Amino acid sequence: MSQPVADATPNDAAAKSSSPTKRSTYIYAAVALVALLGLADATYLTIEHITGQSVRCTIVAGCSEVLSSRYATVAGMPLAMIGATAYFTVFALATLAAFNYKVAGTLLNLMVLAMALVSLWLIYLQAFVIRSFCQYCLLSAAVTFVLAFLLLFRWRKA
């Protein structure tokens, strides 16, 4: 006759309790990597804006109209520079959150939510006010929505 086996050994219980933390770490790492893509995009647009270069669109025709519109700057600062700062902040907060800094995770969620709302506003402006689209701006919006999706996925699994 065999003895009944316990449902979980202490090691199994420890592995199960660390699993959400491990999953969160992977999601935060993904957020940090995706934020670097957004940072590269926004940095490129910032450099082009500051140097006065014309950004060449290869997928849609409208980058010049969008990037030279009055909505491309805020208080004299290129909107892309604000975006680059936001993406760098997301990268830093995601890195800190991956190391279990709780406040960083909360700030990260708030930052990405704000970025998603701004992205929606900017897409609206492109579609209905400027009536042109910029592929780099749309890439930035897509990156922001991926960030929001990753954090929403993490929140739902927690």
task: Answer yes or no as to whether residue 153 is under 20 Å from residue 24 (Cβ atoms), over 12 Å from the mean Cα position of the chain (by Cα) and not charged (D, E, K, R).
output: yes
task: Run residue 95 past the list (1) modelled with pLDDT under 90; (2) touching a helix residue (DSSP H, G or I) at 6+ places or on another chain (Cβ under 6 Å) and report the number of the one that doesn't hold.
output: (1)
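Could you grab me the full set of residues in the stretch 51-104 that are assigned to a loop (DSSP other than H, G, I, E, B) and closer than 19 Å to residue 128 by Cα? If you could, list the steps in order and put the result at the bottom.
At the first step, the residues of the stretch 51-104 found to be assigned to a loop (DSSP other than H, G, I, E, B) are 52-62, 68-69, 75-76, 99-101.
Across the stretch 51-104, the qualifying residues are 60, 61, 62, 68, 69.
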statement: Filter the stretch 79-103 for residues that are touching a residue at least 12 places away in the same chain (Cβ under 8 Å) and under 21 Å from residue 156 (Cβ atoms); the one that is nearest to the chain's Cα centre (by Cα) is 90
field: Filtered residues of the stretch 40-71 (kept if more than 20 Å from residue 111 (Cβ to Cβ) and touching a Cys at 6+ places or on another chain (Cβ under 9 Å))
entry: 54, 55, 56, 57, 60, 62, 63, 64, 65, 66, 67
- request: State whether the residues of the stretch 40-56 include one that is more than 30 Å from residue 23 (Cα to Cα), in contact with a Lys or Arg (Cβ under 9 Å, 6 or more places away or on another chain) and at pLDDT below 95.
  value: no
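The values are calculated or read from the model by the stated rules, or taken from the named source; none is laboratory data. A quick note: this is a predicted structure, and the numbers were derived from the prediction, not measured. Every residue, glycine among them, receives a Cβ derived from its backbone with ideal geometry; neighbour counts consider all protein chains shown.
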